[in-house]
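**Student:** First the structure, which I've put down as structure tokens, then a few questions once you've had a look.
The values are calculated or read from the model by the stated rules, or taken from the named source; none is laboratory data. All values reported here derive from a predicted model rather than from experimental measurement. Glycine gets a Cβ as well: all are built from the backbone with ideal geometry, and neighbour counts include every protein chain shown. Just so you know, the surface numbers come from the protein's heavy atoms only, side chains and all, with ligands and any DNA or RNA stripped out. Shrake-Rupley method; radii C 1.70, N 1.55, O 1.52, S 1.80 Å.
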Amino acid sequence: MRNPFRALPILLLVLGLHSAALSAQATTAPHLEKRGVATQLIVDGKPFLMLSGELHNSSSSDLEYMKPIWPKLRATGLNSVVTPLSWELIEPKEGAYDFALVDGLIDQARHENQKIVFLWLASWKNGMSSYAPVWVKQDTSRFPRVVERGNPVEILSPMAEATQQADARAFAALMKHIKEIDSRDHTVLMMQVENEVGVLGASRDHSDAANKAFASAVPAQLMQYLEAHRASLYPDLKDRWDANGNKTAGTWAEVFGDNERADEIFMAWNYARFIQAVAKAGKAEYDIPMYVNTWLAGDNTPPGEFPSGCPEPEVVDIWRAAGSSLDFYSPDLYDARFEMWSRRYHRNGNPLYMPETRGGAAGAANVYYALGEEAGFGFSPFAIESEAGEKDPLAESYTVIASITPLLLEHQAAGDVHGFVLDREHRSVDFTMNGYTLHVSLDNIFGGQAESGFGLIMADGKDAFLGAGKGFRVSFTPRADNVPRVGIAAVDEGTFVDGKWVPGRRLNGDENDQGAYWRFDPHQQHIEKVTLYRFE
Ligand code: DGJ
């Protein structure tokens with residue numbers, strides 16, 4: 001008779017390997033990963049799409065104040081929240097850390113099944129230094145200020161080594177603590193380091209240290225980076241360099257021009273050096289994605305009227321030259337030209353993540369563009385608790401997107417999903433995918449045209465597509481010349497229940513304009529599948 005225990009060692013080995021693999025997966029920290037053509041946020045081994053919102057600046061400074069906010073976030077369909085954590089509250093006395101707030105926020109988030117992105121409000125917030133602890137603020141000789149027109153202002157100078165070290169020390173202590181309490185659960189997904197940094201009130205710092213550095217040679221590290229990446233530099237930066245004779249050495253004014261744009265580049269380098277060092281110290285303790293956000297400059301606005309040096313698209317290359325501890329750069333996007341700015345940040349390996357943007361009806365539409373067209377991995381309207389609740393238009397979008405998230409993530413990676421926002425000024429858009437050109441336009445039936453529409457469409461197998469959104473209609477033209485005409489075989493609306501497609505109404509007649517269009521009426525969002533057929 002065969003010995004039944006002979007296979008036991010092999011079985012134990014297999015089980016051991018399996019559980020080791022599972023626990024490695026459970027303990028791998030959140031990180032970014034290139035999957036297909038998209039960069040995705042990987043949490044516990046799987047891509048995580050952040051349907052998020054950023055809280056008002058002061059809400060998360062008080063755990064009691066937060067209590068009634070969490071249910072509102074849940075009602076809006078958030079799976080994560082972006083929220084401040086300030087240096088002044090973490091290190092009220094130098095070297096004495098207080099992490100009670102961090103613990104409390106993580107605990108509350110876990111109860112609510114939410115993830116967190118913390119904003120490290122430390123040396124700078126909206127250009128100013130209001131969140132630095134008072135022991136930093138008052139010691140102006142150890143922690144010197146930016147000087148403008150001969151006077152120090154309430155902005156810590158990024159030239160100061162002591163400030164960088166103090167900020168980095170506190171941030172490292174915070175990251176060490178987060179690792180201690182969260183390296184299994186992964187409630188904290190990412191860290192934003194500082195907030196909307198840059199000099200306000202002048203195009204650069206005029207402290208003695210800054211003047212001296214500005215009159216010195218551009219550091220070799222930066223020059224070498226620009227030379228090595230010449231072909232992929234943001235066009236505006238390349239033009240500026242070209243216009244000044246493409247020098248590979250010289251002072252800042254010699255290389256970039258004797259003007260305030262050179263000041264901006266100089267400040268970008270110095271903020272970047274400082275913040276890359278802070279991020280590096282944090283990552284040495286706990287390596288999760290870290291990024292910097294941007295107060296976007298208006299058209300023709302001079303640096304100093306927007307924070308000079310923050311990672312505007314034209315200086316992202318300067319930030320990248322200063323180090324690689326920051327994983328990506330993000331826009332705080334309130335401007336109506338959502339697509340233009342999104343594209344400016346989703347370029348050259350920088351993925352799109354939107355830490356601050358408009359919510360409500362605008363956000364409900366833009367989220368489709370950001371996640372569908374630009375393969376964004378997170379969307380987070382600002383002041384989320386003001387509008388949050390199930391009546392917030394964003395809630396409808398988040399609910400629909402949550403139900404198609406596994407598919408959307410797959411199609412982001414495959415590169416066969418498109419997102420769009422239409423209105424009276426932008427009535428239509430064409431996409432080529434899955435062997436067809438899709439003409440997507442504002443919905444129109446019996447002469448009644450929708451005022452606006454938005455959604456996304458993905459390939460769903462041969463001659464088939466899946467879409468979500470409202471207020472648009474789609475017609476199809478085969479790409480190949482030898483394909484006969486196509487018609488709509490069937491349109492079904494439906495839902496995903498536990499990831500499985502459950503068809504609802506068969507949409508025909510008025511609902512697909514008698515077979516002429518794949519329609520998404522403007523009244524409420526739908527998820528629909530269409531299949532096409534060919535005929536002579
Ligand atoms: C942008 C900042 O980053 C936020 O913290 C907040 O202050 C908003 N502006 C206010 O609109």
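**Student:** Binning every alpha carbon pair distance of the chain at 10 Å from zero, what are the percents per bin?
**Tutor:** All Cα pairs considered, the percentages come to 4, 17, 25, 23, 17, 10, 4, 1, 0, 0.
**Student:** Spelling out what I want: for every residue of segment 288-303, take phi, set θ = phi - 60°, compute 6.51 cos²θ - 1.76 cosθ + 1.60 (Karplus), and round to whole Hz; glycine and proline get x.
**Tutor:** Coupling constants for segment 288-303: 10, x, 9, 8, 10, 9, 9, 7, 6, 6, x, 4, 6, 8, x, x Hz.
**Student:** Something else: Of the listed pairs Lys93/Lys115; Lys176/Lys280; Lys46/Lys283; Lys34/Lys283; Lys72/Lys115; Lys93/Lys137, which have alpha-carbon separations greater than 23 Å here?
**Tutor:** Lys93/Lys115
**Student:** Efficiency by 1/(1 + (r/R0)^6): what FRET value for Ala490 and Asp423, r their Cβ-Cβ distance, R0 = 35 Å, to the nearest 0.05?
**Tutor:** 0.75
**Student:** Okay, next question. Could the peptides 117-129, 143-155 be put in order, highest first, of the mean number of other beta-carbon atoms found within 10 Å of their residues?
**Tutor:** 117-129, 143-155
**Student:** Hey, can you find the accessible area per residue of segment 281-326 for me, probe 1.4 Å, expressed in square angstrom?
**Tutor:** 27
**Student:** Taking the mean number of other Cβ atoms within 10 Å as a proxy for protection, how do you rank 381-394, 188-201, 421-434 from highest to lowest?
**Tutor:** My ranking of the peptides, most packed first, is 188-201, 381-394, 421-434.
**Student:** Over the chain, with every protein chain in place, what whole percent of the accessible area is carbon and sulfur at 1.4 Å, could you tell me?
**Tutor:** So the carbon and sulfur contribution to the accessible surface is 52 percent.
**Student:** Still on this structure, I have one more. Summing +1 for each Lys or Arg and -1 for each Asp or Glu, what net charge is found among the other residues whose Cβ lies under 14 Å from the Cβ of Gly201?
**Tutor:** Once positives and negatives cancel, what remains is -4.
**Student:** List the residues whose amide H sits under 5 Å from the amide H of Leu200, counting only those 5 or more places along or on another chain, with H placed 1.01 Å from N in the peptide plane.
**Tutor:** Correct list: Ser308.
**Student:** Ok, one more. Where a ≥ b ≥ c are the square roots of the eigenvalues of the C-alpha gyration tensor, would you call segment 355-483 rounded, which needs a/c under 1.5, or, failing that, prolate if a/b is larger than b/c, or oblate?
**Tutor:** Oblate, since a/c reaches 1.5 and b/c is not below a/b.
**Student:** If I model a spin label at Lys137 and Gln449 as a point 7 Å from the Cα along the Cα→Cβ vector, what separation in nanometres do I get?
**Tutor:** Modelled inter-label distance: 5.4 nm.
**Student:** Using Cα pairs under 8 angstrom and six or more residues apart, how large is the relative contact order of segment 142-183, in percent?
**Tutor:** 28
**Student:** What is the spin-label model distance, in nm, from Asp185 to Val483 if the labels are put 7 Å beyond Cα along the C-beta direction?
**Tutor:** Distance between label points: 5.0 nm.
**Student:** Next question, about the same structure. At a Förster radius of 60 Å, what calculated FRET efficiency corresponds to the Cβ-Cβ distance of Thr301 and Arg505, to the nearest 0.05?
**Tutor:** Calculated transfer efficiency: 0.75.
**Student:** Extending each Cα 7 Å along its Cβ direction at Thr432 and Ala162, get the distance between those two points in nm, one decimal.
**Tutor:** Reported label-point gap for Thr432 and Ala162 is 6.2 nm.
**Student:** Relative contact order of segment 159-298: what whole-number percent is it, with Cα pairs under 8 angstrom and at least 6 residues apart?
**Tutor:** It comes to 48 percent, rounded to a whole number.
**Student:** Dipole of the chain (Lys/Arg Cβ +1, Asp/Glu Cβ -1, origin at the Cα centre): which of Trp87, Ala132, Phe535 lies farthest to the positive side?
**Tutor:** It is Phe535.
**Student:** Would you mind calculating the relative contact order of the chain from Cα pairs under 8 angstrom and at least 6 residues apart, reporting the percent as a whole number?
**Tutor:** 13 percent.
**Student:** For segment 420-435, just list the computed ³J(HN,Hα) in residue order, Karplus coefficients 6.51, -1.76 and 1.60, θ = phi - 60°, integers in Hz, with x standing in for Gly and Pro.
**Tutor:** Residue by residue, segment 420-435 yields 7, 10, 10, 8, 4, 7, 10, 7, 8, 8, 10, 10, 10, 7, 6, x Hz.
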